[in-house]
1. Once phi is turned into ³J(HN,Hα) by the Karplus curve 6.51 cos²θ - 1.76 cosθ + 1.60 with θ = phi - 60°, what whole-Hz value does each residue of the stretch 160-170 show in order, with x for glycine and proline?
2. Based on the Cβ-Cβ distance from residue 119 to residue 41, what FRET efficiency comes out when R0 is 45 Å, to the nearest 0.05?
3. Among the aspartates and glutamates, which have Cα under 14 Å from the Cα of residue 164 when same-chain residues fewer than 8 positions away are ignored?
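Any read-out appearing in this document is the output of simple, stated calculations on the displayed coordinates, not a laboratory observation. Computed from a predicted model, the values in this text were never measured in an experiment. Don't worry about glycine lacking a Cβ; one is built from the backbone with ideal geometry, like all the others, and counts go over all protein chains shown.
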Amino acid sequence: MLERINIVPRKPLASKIRRMTALLLVLIGATLASAIAFDRQQAMRQLQHIQNETATVLDLERKAQDLQDDLARANQRLEERRAVLAALETRLQRTALPGKRQHPLMAPVLALIAESVPETVRLDALTLRGDRATVQGATLEYEALPLFIGRLQKDPRFADIVLKQVQQEAATQPPSFNFTLELALAR
């Protein structure tokens, strides 16, 4: 029998293992690199999400501070209006004739008128005769007069609201509008 003789020498097992080891190391390195890249991408997304939430929180804090400032200004305006109302009540008490009966809606009328006055309107005088009231004042903005009248018309305790006179006062800077308003007190 003839034996087969292999002319090509066989590579030892160690060289095959070295080649496989190199290939395995390349595959493990590629897998680790892609895992690291994926983790980095996830971390970047989380960081972006945290930055967005931080920006939202800062924006909400700024809006809350703005609302607190607005509330403080509104409270200050309310206190100023209450002071005007108190001054009007004091003035009314000083001018009331002794023994003369006051209208039962006197205090509510003063309170309602004071609550209805827009910011740019200043009341100078309030006169009550029977169930009729006359309001004199001034405003820097003509548009505030219809707003004032509209607020008064919404209240059922007032009726027949008439703007009797409006006069532009050009001598003041900025120009203002003096007005006289009459209304009836509903019973």
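1. Whole-Hz 3J(HN,Hα) from phi for the stretch 160-170: 6, 7, 10, 8, 7, 8, 9, 9, 7, 9, 7.
2. Numbers: r = 55 Å, r/R0 = 1.21.
Working from the Cβ atoms, E equals 0.25.
3. Correct list for residue 164: 182.
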